[in-house]
Amino acid sequence: MSSEDPDIELIKARKLKEMREKAAAMEKALAASTAQQQKKQPSSRDIVNGFVHDRGDEVIRLAYEQYPAQTEAIVAKIAQLITTGELTERISGGELLSLFRSIGLRIRVDTTITVEDDGKFIPLSEKFRQQDD
């Protein structure tokens, strides 16, 4: 019986090593799977950007530049309303801008007025310059 003990101990040690390696591999695979799931979940900003139209993405970008913390809270709430189905209609840039302004965030948006002149759209200021000449 004493001659079998070292062999049995070697077999046990080998099996234990294999089990540890399998456990480590499974843990690594689980961690990778969890990381992929987190990457697949879109951020609140991505959800809202996909739901806006008519310069809405520009309004969100400007809001994040001017009021990052407040905008994150607002966008997170809008994304929650979208994912729960309480908000079903798409949001225009004007509506989004109005929402931010009603909350007290004065988002500055660059605007230009263009007019049609000989089939081309030109800025209104250029049109006035042409008339002065």
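The values are calculated or read from the model by the stated rules, or taken from the named source; none is laboratory data. In this text the structure is predicted, and so the values were computed from the model without any measurement. When we count neighbours, we look across all protein chains shown, and the Cβ atoms used for this are built from the backbone with ideal geometry, even at glycine.
From the list Ala63, Ala69, Ala79, pick out the single residue that is in a helix (DSSP H, G or I), surrounded by fewer than 10 Cβ atoms within 10 Å (Cβ to Cβ) and not charged (D, E, K, R).
Going through Ala63, Ala69, Ala79 in turn, just one is in a helix (DSSP H, G or I), surrounded by fewer than 10 Cβ atoms within 10 Å (Cβ to Cβ) and not charged (D, E, K, R): Ala69.
Go through (1) closer than 19 Å to Pro42 by Cα; (2) in contact with a helix residue (DSSP H, G or I) (Cβ under 9 Å, 6 or more places away or on another chain) one by one and return the number of the condition Arg55 breaks.
Arg55 satisfies every listed condition except (1).
Filter the range 80-133 down to the residues that are under 21 Å from the mean Cα position of the chain (by Cα), within 17 Å of Val59 (Cβ to Cβ) and β-branched (Val, Ile, Thr) and list them by number.
Those that are under 21 Å from the mean Cα position of the chain (by Cα), within 17 Å of Val59 (Cβ to Cβ) and β-branched (Val, Ile, Thr): Ile82, Ile91, Ile107.
Across the range 108-121, what is the total count of residues that are among the hydrophobic types (A, V, I, L, M, F, W, C), surrounded by fewer than 10 Cβ atoms within 10 Å (Cβ to Cβ) and assigned to a loop (DSSP other than H, G, I, E, B)?
Qualifying residue count, the range 108-121: 1.
Can you tell me which residue among Leu124, Leu105, Leu96 is closer than 23 Å to Glu72 by Cβ and either exposed (fewer than 10 other Cβ atoms within 10 Å of the Cβ) or modelled with pLDDT under 90 (or both)?
Exactly one of Leu124, Leu105, Leu96 is closer than 23 Å to Glu72 by Cβ and either exposed (fewer than 10 other Cβ atoms within 10 Å of the Cβ) or modelled with pLDDT under 90 (or both), namely Leu105.
Looking at the range 82-93 only, could you name the residues that are surrounded by 10 or more Cβ atoms within 10 Å (Cβ to Cβ) and among the charged types (D, E, K, R)?
Arg90 - this is the single residue of the range 82-93 that is surrounded by 10 or more Cβ atoms within 10 Å (Cβ to Cβ) and among the charged types (D, E, K, R).
Are any residues in the range 71-125 among the aromatic types (Phe, Trp, Tyr) and farther than 18 Å from Val48 by Cα, and if so, which ones?
Passing the criteria: only Phe121.
From the list Leu10, Leu16, which one is modelled with pLDDT of 90 or more and hydrophobic (A, V, I, L, M, F, W, C)?
So the residue among Leu10, Leu16 that is modelled with pLDDT of 90 or more and hydrophobic (A, V, I, L, M, F, W, C) is Leu16.
Is the range 1-23 home to any residue that is among the polar types (S, T, N, Q) and within 23 Å of the chain's Cα centre (by Cα)?
no
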